[in-house]
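Undergrad: Please read through the structure below; I'll follow up with questions.
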Amino acid sequence: MIDLKKNIELSISNFSKNTFTENALALFNALGYDTAHNITLEDKSYQYFKENFVDLPEYKDKFNEDKAWVKEWKSFDFLFQLTDKLSGLKGGKVNNQEINSVIFACLELTSDSYSRSQLAEITRQINKVFAIPIVLLFKYNQSLSLSVVHRRINKLDEQKDVLEKVSFIKDIYIPNPHRAQIEILHDFAFPNLNAKKHPKSFVELTNAWEQVFSTKELNNSFYKELFKWYLYAKDHAIFPNDNNEEPDKYLSESLIRFISRMLFVWFMKEKKLISSDLFEMEKLKSILKDFEASKDNNKYYKAILQNLFFATLNVPIEDRKWIDGKKRNKAQDGDPLIYRYENEFIDSKDAIENIFMQIPFLNGGLFDCLDDRKNNIFIDGFTKNEKKQPRLANHLFFGTHKNIDLSHHFADDKDEVKKWKNQTIIGIIDLLNDYKFTVEENTPLEIDVALDPELLGKVFENLLASFNPETKATARKQTGSFYTPREIVNYMVDESLKQHLITHLPNHENEIENLFKHEITHLKDELKKEIVNKLFDCKILDPACGSGAYPMGILHKMVGLMTILDPQNNFLKETEGAKLDNLINSAKNLSDTNTRNQTIEALQKQKDILQKAEYDYVRKLYIIENCIYGVDIQPIAIQISKLRFFISLLVEQHKNENKDNFGIEPLPNMDFKLVAANTL
């Protein structure tokens, strides 16, 4: 098995030399998908593909060149076709799905990077041209992505396929592939699938692929390791408790708050908004004085993470500064939003200018410092007063710790005690580095086999349940039953939106039902417009939204439906543009000149953005600000929800070529109708 992983890594590294087709064949050969039936092309241009496949009468109206991004195609090649010659695999029909073979192909693109949605649409467009599944390997710049599409028989016409979910191993960095991606490719390799699943048909093979590309096991695996770290941290971490709250509950809540902050920071690092230098041991040795990961001091948490959380992410860039070590006035001592612990840095000026100052400001509440200096109450302990500082030793962040006894956390559960006596704990930074993260939340139709921002909610709600006396036994067995699974969320979202539309458009129930099955070939433009307007007009309230599972599900579904119904946002431009024109005309009647000019300028800016609304960014922002409402008793859950929406907007902003024209500000309107019940 180790040799197989080495062969996979070697095959990936070889993409920096030889031809793309040769390397693609070699990679699939290493994965065990080897066949004598190579079908490579002499001419690898899009023009050849178009003339020989797209322009055929039966496919001409199916393939959309814009959605397939054909202007970005550098070379396309078929590799081979798997037939019944491979290990006894045969064609056949199972559960109304018929697959007799699978084609493997490769496509090289010209730009440096692509979003998951772009690659998913290319995959769908290519699959539309063929009656059998196409497994597609992408290459762009220094990255590879592998995509697999799930097909099913059209329920209205068994002669047609419906292309549903597209699953990815995305952005495999050729010079240094992530360990987690090698593990997934290892599971995808045919020898492993054959040994574990024994597929006897191509339907069974593609179903086995779907399980490999499932994120459920990945999330469970990560949560189990994180839960072990959480218990280990409970035995070693100390937080100031000036409110004299119940110690175990207070420590648990403090650790959950820290984990939530840490996970969000990791998603920002994935987006390259925070330097990875802050999380790499060798780099830290050139930033902090006498830094050793194994030392039992809190140098890393205090100097790096506290300054990152409270004096960087929570402070506008122009206001960031060090505490004045010479003057040490009371005003500065009482300021929670100022850099501290300068003496811990080798070069504090360099650290601020070249690392911390490059990080954007987030005006969300997750990174608020909770210290009440006026009343001398410290919760986060961001202070030079050592007696009030928390203690999270370096070994909680780095290294592997073996033979750790955690059984005392399970004294009330005899079945669990023995299992927890001898555990291996990974420092939380090393644990996060072991997994691949993506900032794009997975949807029912697009899956990247990586940890996505939904993880914030899963971790928060499961850990929150772990110290609840009524639920802790179940939580400690890690069933994941406290966070609503994505499948249930998807069902709730589909049914609620479907009923909303049917209520308002009762004469079109069949068309609406088919829309939710992605079968919309005969919808008229007039009906599409009506549906889009009804979606934009709806109001969605989640009275116990937690960390945002249902609101995020609603957002993704509405955006997905609107993308299908109104790809260029023309209906939105027309409807909302008219509303803005009316508001601008009304603003012209304001008597105060400054107010009038500022109002008109702000409205005109909204209209300018609206006219560039060919992308999901404007759709998402409009839905967030006008359609989604949520309440929860836990303030931190609300902050996590808001930050998940922010990440979703951030993804769209960076996805677009014209992103600089959108003028997105940090967390725009992030007080959007998601509130904690105790603040109402």
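The values are calculated or read from the model by the stated rules, or taken from the named source; none is laboratory data. Since the structure is predicted, the reported quantities are computational estimates derived from the model, not experimental observations. No Cβ is skipped: glycine too gets one built from the backbone with ideal geometry, and neighbour counts run over all protein chains shown. What goes into the accessible areas is simple: the full protein's heavy atoms, side chains included, and nothing from ligands, DNA or RNA. Shrake-Rupley method; radii C 1.70, N 1.55, O 1.52, S 1.80 Å.
Undergrad: Suppose the filter is out of contact with any Lys or Arg (no Cβ under 9 Å at 6 or more places or on another chain), open to solvent by 10 Å² or more (accessible area, probe 1.4 Å), on the phi < 0 side of the Ramachandran plot and in a helix (DSSP H, G or I); does Glu513 pass it?
TA: no
Undergrad: Of all residues in region 485-510, count the ones that are loosely packed, with under 13 Cβ neighbours inside 10 Å and touching a residue at least 60 places away in the same chain (Cβ under 8 Å).
TA: Adding up the residues that qualify gives 0.
Undergrad: Say we look at region 532-551 and pick out the residues that are part of a loop (DSSP other than H, G, I, E, B) and open to solvent by 20 Å² or more (accessible area, probe 1.4 Å); which of these is modelled with the highest pLDDT?
TA: Looking at residues that are part of a loop (DSSP other than H, G, I, E, B) and open to solvent by 20 Å² or more (accessible area, probe 1.4 Å), I get Lys539.
Undergrad: So which pairs qualify, if the first residue must be in region 90-114 and within 26 Å of Val651 (Cα to Cα), the second must be assigned to a loop (DSSP other than H, G, I, E, B) and at pLDDT 55 or above, the Cβ gap must be under 6 Å, and the two must be at least 6 apart or on different chains?
TA: Final answer for the pair search is Asp112/Asn141.
Undergrad: Any residue at all in region 177-184 that's open to solvent by 70 Å² or more (accessible area, probe 1.4 Å) and among the basic types (Lys, Arg)?
TA: yes
Undergrad: Something else about it: Looking only at region 137-152, which residues are outside any loop (DSSP other than H, G, I, E, B), open to solvent by 10 Å² or more (accessible area, probe 1.4 Å) and not aliphatic (A, V, I, L, M)?
TA: Scanning region 137-152 gives Lys139, Ser143, His150, Arg151, Arg152.
Undergrad: Examine region 267-282 for a residue that is open to solvent by less than 70 Å² (accessible area, probe 1.4 Å), more than 26 Å from Ile355 (Cα to Cα) and in contact with a strand residue (DSSP E or B) (Cβ under 9 Å, 6 or more places away or on another chain), and state whether such a residue exists.
TA: Within region 267-282, none of the residues are open to solvent by less than 70 Å² (accessible area, probe 1.4 Å), more than 26 Å from Ile355 (Cα to Cα) and in contact with a strand residue (DSSP E or B) (Cβ under 9 Å, 6 or more places away or on another chain).
Undergrad: Something else about it: How many of the residues in region 98-136 are under 26 Å from the mean Cα position of the chain (by Cα) and in a helix (DSSP H, G or I)?
TA: 12
Undergrad: Exactly one condition in (1) in a helix (DSSP H, G or I); (2) modelled with pLDDT of 85 or more is false for Thr206; which is it?
TA: (2)
Undergrad: Do we find that Tyr250 is buried (at least 20 other Cβ atoms within 10 Å of the Cβ), aromatic (Phe, Trp, Tyr) and more than 26 Å from the chain's Cα centre (by Cα) in this structure?
TA: no
Undergrad: Got a number for residues in region 364-419 being part of a helix (DSSP H, G or I) and surrounded by fewer than 15 Cβ atoms within 10 Å (Cβ to Cβ)?
TA: Of the residues in region 364-419, 9 are part of a helix (DSSP H, G or I) and surrounded by fewer than 15 Cβ atoms within 10 Å (Cβ to Cβ).
Undergrad: Also, quick follow-up: Considering region 66-123 alone, what residues qualify as being modelled with pLDDT of 90 or more, in contact with a Leu (Cβ under 7 Å, 6 or more places away or on another chain) and not aliphatic (A, V, I, L, M)?
TA: Glu72, Trp73, Lys74, Phe76, Asp77, Phe78, Phe104, Cys106, Thr123 - these are the residues of region 66-123 that are modelled with pLDDT of 90 or more, in contact with a Leu (Cβ under 7 Å, 6 or more places away or on another chain) and not aliphatic (A, V, I, L, M).
Undergrad: Related question: Does Asp542 satisfy the criteria of being in contact with a Pro (Cβ under 9 Å, 6 or more places away or on another chain) and not hydroxyl-bearing (Ser, Thr, Tyr)?
TA: Answer is yes for this residue.
Undergrad: Still on this structure: For Asn243, work out the one condition from (1) under 30 Å from Ala26 (Cβ atoms); (2) outside any helix (DSSP H, G or I); (3) touching a strand residue (DSSP E or B) at 6+ places or on another chain (Cβ under 8 Å) it doesn't fulfil.
TA: Going through (1) under 30 Å from Ala26 (Cβ atoms); (2) outside any helix (DSSP H, G or I); (3) touching a strand residue (DSSP E or B) at 6+ places or on another chain (Cβ under 8 Å) one by one, Asn243 breaks only (1).
Undergrad: Looking only at residues that are of a type in the set (S, T, N, Q) and in contact (Cβ under 8 Å) with a residue 24 or more places away in the chain in region 553-573, which one is nearest to Phe516 (Cα to Cα)?
TA: For region 553-573, the residue satisfying everything is Thr563.
Undergrad: Might you let me know whether region 608-619 holds any residue that is within 30 Å of Glu253 (Cβ to Cβ), open to solvent by less than 20 Å² (accessible area, probe 1.4 Å) and either part of a loop (DSSP other than H, G, I, E, B) or among the basic types (Lys, Arg) (or both)?
TA: no
Undergrad: Right, here's the next one. For the structure I just gave you, tell me whether Asp157 is out of contact with any strand residue (DSSP E or B) (no Cβ under 7 Å at 6 or more places or on another chain), open to solvent by 30 Å² or more (accessible area, probe 1.4 Å), of a type in the set (Asp, Glu) and at pLDDT below 90.
TA: In short, yes.
Undergrad: Got a number for residues in region 516-531 being modelled with pLDDT of 90 or more and either open to solvent by less than 30 Å² (accessible area, probe 1.4 Å) or assigned to a loop (DSSP other than H, G, I, E, B) (or both)?
TA: 2
Undergrad: Can you name the residue in region 351-383 that is within 20 Å of Asp242 (Cβ to Cβ) and without any contact (Cβ under 8 Å) to a residue 60 or more places away in the chain and, of all such residues, is nearest to the chain's Cα centre (by Cα)?
TA: Across region 351-383, the extreme among qualifying residues is Asp368.
Undergrad: Let me ask another. Looking only at region 322-361, count every residue that is modelled with pLDDT of 85 or more, basic (Lys, Arg) and closer than 23 Å to Lys388 by Cβ and tell me the total.
TA: 1
Undergrad: Quick test for you: out of Thr595, Thr599, pick the one residue that is at pLDDT 80 or above, surrounded by fewer than 20 Cβ atoms within 10 Å (Cβ to Cβ) and touching a helix residue (DSSP H, G or I) at 6+ places or on another chain (Cβ under 7 Å).
TA: Unique residue meeting the criteria: Thr599.
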